[in-house]
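Reviewing the structure listed below.
The values are calculated or read from the model by the stated rules, or taken from the named source; none is laboratory data. Treat the numbers as computed from the prediction; the structure is a model and nothing was measured. With ideal geometry, Cβ positions are generated from the backbone for all residues, glycine too; neighbour counts draw on all protein chains shown.
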Amino acid sequence: MFNPDYRITPKLLNLLTGIAAAREAIANAYLVPRWEVSLRKQALIKNAHASTAIEGNPLTLEQVSALAEGRDVMAQRKAKQEVLNYLEVLEKLPRLAPKAEIIESIILEIHRLLAKEVLDNPGDVGRYRDRQVGVVHRMTGEIVFLPPETADVPRLMAAFVEWLNDKSTRELDPVIEAGIAHYEFVRIHPFIDGNGRAARVLAALILYRRGFDTKRFFALDDYYDSDRLEYYHALQSVDPKSRDLTAWLEYFAQGVMVSVQAVRERALKLSADKRKAGKRGQIALTERQMKIIERIHDQGQITNREIREMFDLSNRVALDEINKLMDLGVVRSEGQGRTTHYILA
């Protein structure tokens, strides 16, 4: 089984402690659902832009935001498809995070979603590479990284997945586990293309599964994209022989810290007036109720009929959902009779 080598340095310990404190502040901030939707969508767009930009996608943050809203942009088809694929994977993250283990079929599914209609050879989508590849510097054409031999990929991935699901791994700090997984996946380089994006999705999946980012507020990829050379330098800082991951984990944890602190500042700013009024905590909604809020957030309003069609509900059950949201002060009704619709309160 894969056995990572690293040390918990004072710097790494301080980062993990700071991350935990910032997450606690976010958890205790007064956030109404529309703020939660805004924070999640902001993180989704930033992650999709940053993770694809790291690998050369030319779309701007504004263009990615437009695609996320269902609008078209003037760009090459492949560039748009890469972004749309990444957005889709992030939206489906909860479905990719079952209570059971992370198995290889989930990793292959991640790549299938990321690479569909993007790779030149459709046969390379959602399957391990069948030939050797190298990471080439886009400017110089120099090979900067040569991954393990193709014949070793199945064995290395099996050992990696075994480690992911080992009891001792689940006892690690989630940030440490995600950071190790990110590096080892990139090192193995199991696919012809899209390994960096798949590694970053896998790290996000681990953090989601471990309860670290269940609301998906954090734009971790934004930190890596802010200084791409530093990101690549951190990955290459691991000695190929000793494979000591300490320096990489310090860098990875620093990125998590920056993202969590940014969300903390935004959350505390949003909830400042509510705290003055003595309100604490967040309004807990079901997944169905959050989807209703997201729909209102996107289109400005929703009707009872739309709720019925979204979830295949009876009129009575749809009304019950709306009444619960109105009782919580989350939405309010406008209009009468057939013109009745609901907006955010």
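For beta carbons closer than 9 Å, sequence separation of 6+ or different chains, a first residue in the stretch 104-115 that is free of Cβ contacts under 8 Å to residues at least 60 places away in the same chain and a second that is of a type in the set (F, W, Y) and part of a helix (DSSP H, G or I), the qualifying pairs are L113/Y86. Do the conditions hold for R155, that is, is it without any contact (Cβ under 8 Å) to a residue 40 or more places away in the chain and either in a helix (DSSP H, G or I) or not assigned by TED's automatic domain parsing to the domain that holds V256 (or both)? Yes: the conditions hold for R155. Please enumerate the residues belonging to the stretch 179-194 that are assigned to a helix (DSSP H, G or I) and in contact with a helix residue (DSSP H, G or I) (Cβ under 6 Å, 6 or more places away or on another chain). Scanning the stretch 179-194 gives G179, A181, H182, Y183, E184, F185, V186, I188. For the stretch 222-232, the count of residues that are in the same structural domain as P174 (by TED's automatic domain parsing) and not in a helix (DSSP H, G or I) is nonzero. Here A43 qualifies as on the phi < 0 side of the Ramachandran plot, under 19 Å from the mean Cα position of the chain (by Cα), among the small types (G, A, S) and at pLDDT 90 or above. Here's a check for you: in the stretch 139-197, which residue that is among the hydroxyl-bearing types (S, T, Y) and over 20 Å from the mean Cα position of the chain (by Cα) is surrounded by the most Cβ atoms within 10 Å (Cβ to Cβ)? That would be T169. Of the residues L87, L59, the single one that is more than 30 Å from L164 (Cβ to Cβ), modelled with pLDDT of 90 or more and buried (at least 18 other Cβ atoms within 10 Å of the Cβ) is L59. For the stretch 294-310, the set of residues classified as of a type outside the set (D, E, K, R) and surrounded by 14 or more Cβ atoms within 10 Å (Cβ to Cβ) consists of I296, H297, Q301, I302, T303, N304, I307, M310, listed by residue number.
All conditions in (1) touching a helix residue (DSSP H, G or I) at 6+ places or on another chain (Cβ under 7 Å); (2) more than 30 Å from R34 (Cβ to Cβ) hold for L207, with the sole exception of (2). Do we have any residue at all in the stretch 117-133 that's among the charged types (D, E, K, R), part of a loop (DSSP other than H, G, I, E, B), farther than 23 Å from Q236 by Cβ and under 20 Å from the mean Cα position of the chain (by Cα)? Within the stretch 117-133, not a single residue is among the charged types (D, E, K, R), part of a loop (DSSP other than H, G, I, E, B), farther than 23 Å from Q236 by Cβ and under 20 Å from the mean Cα position of the chain (by Cα). Test D173 against the stated conditions and say whether it is farther than 30 Å from D130 by Cα, out of contact with any Gly (no Cβ under 8 Å at 6 or more places or on another chain) and in contact (Cβ under 8 Å) with a residue 24 or more places away in the chain. Criteria met by D173. Could you say whether any residue in the stretch 236-244 is buried (at least 19 other Cβ atoms within 10 Å of the Cβ), in the same structural domain as R34 (by TED's automatic domain parsing), within 14 Å of the chain's Cα centre (by Cα) and not in a helix (DSSP H, G or I)? No; the residues of the stretch 236-244 include none that is buried (at least 19 other Cβ atoms within 10 Å of the Cβ), in the same structural domain as R34 (by TED's automatic domain parsing), within 14 Å of the chain's Cα centre (by Cα) and not in a helix (DSSP H, G or I).
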